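Following: one structure in structure tokens, then a few remarks.
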Amino acid sequence: MNLLEIIDPDAVSTHAEARLRDRLDFLDDRERERIMRTAQETARFYRRERVAFVVKRFDRQVGTPWGEASNGDILVAVARYGVLVTLMLRRHSQTFTRAKFGVDRVLLRR
């Protein structure tokens, strides 16, 4: 399934779609689709600014712990002016600042 077929392709970078597939390959297609829709809707809502926001909190750390690959228990999206740019895993112990994500606002609730 191509996630860009079910969502607005102009509002999601191919990088974001690839990151979702790579980092959340343990989820089924339906759950990845739901996550992508949620991220896209939130990105659209904040279309006048650059934002980082929590898309999903997991009950465990996913990814390779302490490795070079993305890992964490929180899925964070970065959007710039309504376009979803990337998705990344972060550990709850890491910092969540505007400077860290290169955005105007960081939204931590979800």
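Where a number appears in this text, it was derived from the coordinates with a stated rule and is not lab data. All values reported here derive from a predicted model rather than from experimental measurement. Note that we place each Cβ from the backbone using ideal geometry, even for glycine, and neighbour counts take in every protein chain shown.
Some values worked out for this structure:
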read-out: Gained length - residue 38 relative to residue 99, 0.36 nm times residue gap less alpha-carbon distance; value: 19.6 nm
read-out: In the stretch 81-110, chymotrypsin sites (Phe, Trp or Tyr not before Pro) in a DSSP loop with at most 10 other beta-carbon atoms within 10 Å; value: none
read-out: 15 Å beta-carbon shell around residue 98, net charge (K/R +1, D/E -1); value: +3
read-out: Value of relative contact order over the chain, rounded to a whole percent, pairs C-alpha under 8 Å and six or more apart; value: 29
read-out: Reference-scaled alpha-carbon Rg (2.2 N^0.38 Å with N residues) for the chain; value: 0.99
read-out: In the stretch 37-82, trypsin sites (Lys or Arg not before Pro) in a DSSP loop with at most 12 other beta-carbon atoms within 10 Å; value: 48
